[in-house]
1. At what distance in nm do the modelled label points of ARG469 and LEU101 sit from each other, each positioned 7 Å from its Cα along Cα→Cβ?
2. For LYS116, LYS420, LYS305, give me the order by solvent-accessible area with a 1.4 Å probe, most accessible first, ignoring ligands, DNA and RNA.
3. At ALA731 and GLU495, where each label point lies 7 Å from the Cα along Cα→Cβ, what is the point-to-point distance in nanometres?
4. Please report, in Å, the Rg and the Dmax of segment 105-245, where both are computed over Cα atoms only.
5. Applying 1/(1 + (r/R0)^6) with R0 = 45 Å to the Cβ-Cβ distance of ASP569 and SER434, what FRET efficiency is obtained, to the nearest 0.05?
6. Can you figure out the FRET efficiency of SER16 with ARG519, using R₀ = 41 Å and their beta-carbon distance, to the nearest 0.05?
7. Quick check on the chain: helices-only [θ] at 222 nm, where DSSP H runs of length 4 and up contribute -39,500 (n - 2.57) each and the sum goes over total residues. Nearest 500, please.
8. From the square roots a ≥ b ≥ c of the eigenvalues of the alpha-carbon gyration tensor of segment 166-267, which class results: rounded (a/c under 1.5), prolate (a/b over b/c), or oblate?
Amino acid sequence: MADPDSLNPEQREAVSYRGGPLLVLAGAGTGKTRVIVHRVASLIREGAAPERILAVTFTNKAAEEMRRRVDALAPGGGALAWVYTFHAFAARILRSHAQRLGLPRRFTIYDQDDQKRLVAESIKELGLEKEKNKASLYVSLISRAKDDLLDAQSYAIYAMAQNDPSRETVARVYEVYQKKLSASGGLDFGDLLLKLVELFRGDAAIRELYQERFLHLLVDEYQDTNHAQYIITKTLASKHRNLCVVGDPDQSIYSWRGAHVRNILEFESDFPNAKVVRLERNYRSTPNILQAASLVIEHNRGRLKKSLWTERPEGPSVEVEELADEREEARSTARRAARLLDEGFSPKDMAVFYRTNAQSRSFEEAFTLAQIPHRVVGSVRFYERKEVKDALAYARAALNPADSISLSRILNVPPRGLGKASQEALEAHAKKTSAALREALEHADKVENLTPAARQGAAELVLLLEQLRREFEALGPADAMEAVLQKTGYWAWLEGLAESDPEEAARMENLQELLNAVREFEETCGEKPAPSPASGEQQAPARAALPEAPRIERFLESAALQTQADAYDANRPSVTLMTVHLAKGLEFPAVFLTGLEEGLFPISSVNTNPEELEEERRLCYVGMTRAKERLTLLHAATRRVFGRVYSNLPSRFIFEAGLIGRPAEDAAMARAHCAPAAMRVKAGMRVRHPEFGCGEIVEKSGSGEMLKVTVAFDSGATKKLLLRYAPLSPA
């Protein structure tokens, strides 16, 4: 929009409505974030106390951007309004009331890597030898259970009721994992929401305190909320009912991590008399792109109807290209990108989307050969790099003596005589005495099988951690992190290694970047004191105190809550390579949507499940609607999977979009491709295809919707076709 303060009529209606629950159905590119920002700012300008407004979104980056924009429209409001992700909001509340749940106030938030380590230990402890390489799977299953508000005990009851041995095994691992997590004074992502619901359900005074505190509640991306987030939302909104949710069921693509599209589909049932505002004017994409994407998504039944439109020029046609294999697909994409660069596009204007991470390799190789700058989004996060995790682990271990996971990571880094044998001895002693690893260090003189050097190293580490803890009390986050790097000897150790190994120099650069990140956090973030039942704030205070100066624990929390989406930098001059899931919320002038083949996109496991197929279609819709000006759909005739070459049929989504393999195709022909075949087929049968001519069926495989035929056409071409979509007729 030309005028940054202008709103179209529907946006204005959503911003100004004050009659209770509000559902804003915001199609792709229709300005949903704009509505939330303007709604918060208008509430503040009307006199609402900003600290009584809670806006919840799904990435830290989105929350930061929202605060900045609110502050620009209502100066001071962005700093005082509560603008958080669900997990960051939960962490704020839990730290203020940790004792009510038996948690240390300085509890550690464990990331996925930490979770895997604890789960692996749990599997080993249970003697589940066959499961030892499945830590990631168990982390996912436990996380989903927590999203559904099933603690370890509840999950065990559920598993027994299902009479499912595999679930019962998960329940056993879950129980041991949770005990280890609690013993370390830690919470994982799922715990943050689970414990908050537990707090609200178990303490009426605290529940009523926050229900009264938040007069206005706004939830972004409501279609992506899981069950725990849904319960938190309903709980907080139950008193004042000033709830505004913004979302689009057509972009619900996260069921695999617990999201329930029904939360938005059933909003009007949950909140009778709710107002519904549809945002349908798209400001992002050209009409050609919108038309193709709309034709795809209209095949879904589980949606709330809306019709996107735009006043933008028609733009180039959506292009479709079939390539011989994945290598040619990648090379063609690189060639197309090179042509766009010649036309004046910047590398940062382009993105390549794929369904699975494994597909990135061929694109990386092709763009490298073409000498086109590119970067893969979604690989190792900055905060998961070894040296960064080591530095953060020192700070976490200093703050939380129970945090054995962080302590074990830095026990002998830099080397201090506590090698593998010493660590095993210390851990065995801790287990034997039911103590934390820190306690074993403190009593190293009583630990068997430790050398004198190891005992000395243990004593020095205990003194070091205690010294850091005391210094943290008087230091801001940046100075505290610098103290970690200097006083632990970690920086000097890396400096020595860098003299003979250039890779260590890169590690030092990452630590310098860590210090930059902490400094930036210190300058931009403050701590909002949460209300306390004893503070008398149940009477809705007019103003909250200004944010306090943050401490190192706030930065550690912020780092732990970072996601892959937060790592994306739109200003880097390189072509973006990422999965379609990570593309959510982004936009690019030119998009290459690749791997559009049956069995890959949609992925093979969804063919018999209508709900999962609809989610795959939503995922395709999300990918298509990221494009502003150019959209290219690519698919490969063959693809190598686990070393074997497979023939592929074009994705049904290409047909549904009205595109059947050429940049422009007659719509009637596209519909013919989508028509299910009614005839019975058998090998040797003569058939006719409107594009390929006459031929003979030489092979038949599969059944039902996945019935495939191989046809040897008279032209000499042989095609493998999915009968459901192939417009064949008897010849």
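1. Rounded to a tenth, the inter-label distance reads 2.2 nm.
2. Numbers: LYS116 75, LYS420 160, LYS305 135 Å².
Ranked list, largest accessible area first: LYS420, LYS305, LYS116.
3. 7.9
4. 17.1, 53
5. Details: r = 46 Å, r/R0 = 1.02.
Computed FRET efficiency for ASP569 and SER434 comes out at 0.45.
6. Values: r = 40 Å, r/R0 = 0.98.
About 0.55, to the nearest 0.05.
7. Numbers: 29 runs with 330 residues, N = 731.
Calculated at 222 nm, the ellipticity per residue is -14000 deg cm²/dmol.
8. On the way: a/c = 2.80, a/b = 1.30, b/c = 2.16.
Note, shape of segment 166-267 comes out oblate.
The values are calculated or read from the model by the stated rules, or taken from the named source; none is laboratory data. Here the structure is a predicted model, which means the values were calculated and not measured. Every residue, glycine among them, receives a Cβ derived from its backbone with ideal geometry; neighbour counts consider all protein chains shown. For accessibility, only protein heavy atoms count, side chains too; no ligands or nucleic acids. Shrake-Rupley method; radii C 1.70, N 1.55, O 1.52, S 1.80 Å.
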